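Comments concern the structure below.
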Amino acid sequence: MAQNSFFRKFVFGKQRLGSKTYTKIMRWNSRVGATRKLERLLRLHSESVIQDVDIPIARAAEFLDFYAKQIQLWPQWVCPIGVKESRFVLYPVKPGWYVNFGFWDVKRTREAYPPGYFNRLIEEKVHELGGIKSLYSDSYFPERQFNQRYGGAAYDALKKKYDPGGAFPRLYDKCVLKA
């Protein structure tokens, strides 16, 4: 009985609910490929859809409707944010109210789609609605489009001033997948 309670405490204890345990599990899965093998066995196709997008509040219902029909990953973070002024030319938002939608999951389907299919759908809808997405997640923009949406001319000026020798990768190269 003592071993059983030790096992329960070690495997299922409150201390296992933190991000360290999650990170260990995710790294193990990445190394071993358990999820990939299971998806292959079940004939599923998957795409990581990890995004934070800011949508003008007047268009937020349209985004939510699109998301519910096309993406369908739940739960979803929904948080209003107010912007008084923006001095961030590389993340251009206008003053006003936005709704930040956050979603972090894997979209699994029976049908095969091109790489980045669901992320591209989101990128286009966000742009159509006058919003912007954070760049910590997978991005699939063509370079010209990326530069138009994320202050390309301002970035080029900063790059020229602070990294004239090109020692560091460009923002586009760091943020956009070449899929």
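Take the conditions (1) in a helix (DSSP H, G or I); (2) modelled with pLDDT under 90; (3) assigned by TED's automatic domain parsing to the domain that holds Ile132; Ala61 misses just one of them, which is (2). Checked across the range 84-91, the condition of being modelled with pLDDT of 95 or more, among the charged types (D, E, K, R) and in the same structural domain as Pro142 (by TED's automatic domain parsing) holds for no residue.
Scanning the range 83-112 for residues that are free of Cβ contacts under 8 Å to residues at least 40 places away in the same chain and among the hydroxyl-bearing types (Ser, Thr, Tyr) yields a total of 1. Of the listed requirements (1) within 24 Å of Asn147 (Cβ to Cβ); (2) assigned to a strand (DSSP E or B), Val89 misses just one: (2). Taking the range 37-58 as the range and being under 22 Å from Tyr140 (Cβ atoms) and assigned to a helix (DSSP H, G or I) as the test, only Glu39 passes.
If I ask for residues that are of a type in the set (S, T, N, Q) and closer than 20 Å to Ile122 by Cα, which ones from the range 82-103 would you list? Break it down into steps so the answer makes sense when it comes.
First, pick out the residues of the range 82-103 that are of a type in the set (S, T, N, Q): 86, 100.
Hit for the range 82-103 is Asn100, nothing else.
Whether a residue is surrounded by 14 or more Cβ atoms within 10 Å (Cβ to Cβ) and β-branched (Val, Ile, Thr) was assessed, and Ile25 does not pass this test.
For the range 131-165, give me each residue that is part of a loop (DSSP other than H, G, I, E, B), more than 18 Å from the chain's Cα centre (by Cα) and surrounded by 14 or more Cβ atoms within 10 Å (Cβ to Cβ). Can you show your working first?
Step one: of the range 131-165, the residues part of a loop (DSSP other than H, G, I, E, B) are 131, 134-142, 150-151, 163-165.
In the following step, the residues that additionally are more than 18 Å from the chain's Cα centre (by Cα) were identified as 151, 163-165.
Of everything in the range 131-165, just one residue is part of a loop (DSSP other than H, G, I, E, B), more than 18 Å from the chain's Cα centre (by Cα) and surrounded by 14 or more Cβ atoms within 10 Å (Cβ to Cβ), namely Gly151.
The values are calculated or read from the model by the stated rules, or taken from the named source; none is laboratory data. These figures come from a predicted structure and were not determined experimentally. Quick reminder, even Gly has a Cβ in these numbers, built from the backbone with ideal geometry, and neighbours come from all protein chains shown.
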